[in-house]
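The values are calculated or read from the model by the stated rules, or taken from the named source; none is laboratory data. All values reported here derive from a predicted model rather than from experimental measurement. As a convention, Cβ positions derive from the backbone with ideal geometry for all residues, glycine included, and neighbour counts pool all protein chains shown.
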Amino acid sequence: MYDLIIIGSGPAGLSAAVYGKRAGFDVLALEKNPMSGGQVLNTYEVDNYLGLPGINGFDMGMKFHEHANDMGVIFENTEVTQITDAGKYKIVTVLDGSEEKTYETKALILATGASHAALQVPGEDKLRGRGVSYCATCDGAFFREGTVAVVGGGDVAVEDAIFLARFCKKVYLIHRRDSLRAAKSLQDKLFSCENIEVVWDSVVEEICGQDQVEGIRIKHLKETQKTTLQAAQRQTAELLAADGVFIAVGLYPNTEIFREVVSCDEKGYVIAGEECETNVPGIYVAGDARTKKVRQIVTAVADGANAVASAEKYINSLP
């Protein structure tokens with residue numbers, strides 16, 4: 001019987017692990033990926049975390065893990081298949097090779113984060129890892145001096161386009177609307193990059209290529225749209241030549257195995273306020289898996305602390 005089990009070891013889970021140990025709990029952190037750190041591991045540069053401007057995302061993830069490890073947190077690399085509310089304790093079922101085993105805990109924190117959404121267009125799965133990427137900072141260097149396209153209109157898409165413009169010859173930003181959702185400061189940087197072209201009111205219908213991405217077939221949603229794609233860059237009426245495609249169209253929460261136990265919204269995010277309390281006593285949620293307006297490293301770390309504070313109050317109330 002553990003005092004606290006944390007599922008996931010990104011910034012939210014690692015923060016919860018540190019605060020859990022500071023509270024004097026026996027803490028077990030379960031992580032299905034080979035390394036702790038979550039999405040931050042794939043971030044080239046973090047410039048908005050207080051006191052650590054410009055830190056490499058991988059280095060930040062490793063520092064977070066090292067802190068928790070030095071506190072004595074127990075880590076296990078395994079995949080959780082089920083959680084069960086047994087009243088005064090919770091049961092976590094994991095895969096142990098080809099078999100399942102269970103852990104019992106007084107309190108449980110869900111910190112499984114979110115994953116990148118796919119376009120779900122022809123060619124995407126076939127060319128995944130062969131020109132199709134969901135992480136510009138991970139794979140951008142493979143396209144140095146090449147032509148790439150970024151799909152999306154939020155902060156991540158605009159950040160990706162700016163990053164890729166540093167070393168790519170040409171970057172297209174394809175957005176289905178006529179205005180971007182990204183922060184004004186990011187838009188200003190984007191529009192100042194001479195090698196970035198925004199393709200407004202357009203969607204990707206197909207990613208083309210045999211063994212590698214060779215181009216993307218796009219559809220203009222407004223027939224009156226006039227862009228330079230009508231010039232030499234267009235191979236056909238709707239085909240845009242590109243060596244790589246970076247997809248940044250949003251996230252979906254990794255909460256599938258929890259949705260029959262805790263309440264979630266229509267998108268699958270676990271419903272919880274700033275105290276990170278779910279509708280089930282003793283089960284808490286932290287980080288990107290939670291309903292919230294801002295999903296950043298700093299808010300994930302804060303969630304970890306808040307979730308433990310709530311769990312500590314709950315555990316101390318148990319008979």
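General remarks:
- Selection count where residues are touching a residue at least 40 places away in the same chain (Cβ under 8 Å) and not aromatic (Phe, Trp, Tyr), scope segment 34-60: 12
- Cross-chain or 6+ apart pairs with Cβ under 7 Å, segment 172-184 first and modelled with pLDDT of 95 or more and part of a strand (DSSP E or B), then among the basic types (Lys, Arg) and surrounded by 13 or more Cβ atoms within 10 Å (Cβ to Cβ): none
- Segment 88-141, subset more than 21 Å from GLU256 (Cβ to Cβ) and touching a Ser or Thr at 6+ places or on another chain (Cβ under 7 Å), residue surrounded by the most Cβ atoms within 10 Å (Cβ to Cβ): THR137
- Filtered by the rule that a residue be surrounded by fewer than 24 Cβ atoms within 10 Å (Cβ to Cβ), modelled with pLDDT of 95 or more and of a type in the set (A, V, I, L, M), segment 7-53 gives VAL18, ALA23, LEU28, LEU30.
- In segment 264-317, the residues that are of a type in the set (A, V, I, L, M), modelled with pLDDT of 95 or more and in a loop (DSSP other than H, G, I, E, B): ILE271, ALA272, VAL280, ALA286
- Criterion: in the same structural domain as VAL92 (by TED's automatic domain parsing) and free of Cβ contacts under 8 Å to residues at least 40 places away in the same chain - qualifying residue of ILE271, ILE297, ILE283: ILE271
- Within segment 57-84, being surrounded by fewer than 16 Cβ atoms within 10 Å (Cβ to Cβ), over 15 Å from SER9 (Cβ atoms) and more than 19 Å from the chain's Cα centre (by Cα) holds for THR81, GLN82, THR84.
- Criterion (modelled with pLDDT under 95, acidic (Asp, Glu) and on the phi < 0 side of the Ramachandran plot) met by exactly one of GLU206, GLU197, GLU238: GLU238
- Flag for VAL156 being on the phi < 0 side of the Ramachandran plot and free of Cβ contacts under 8 Å to residues at least 60 places away in the same chain: no
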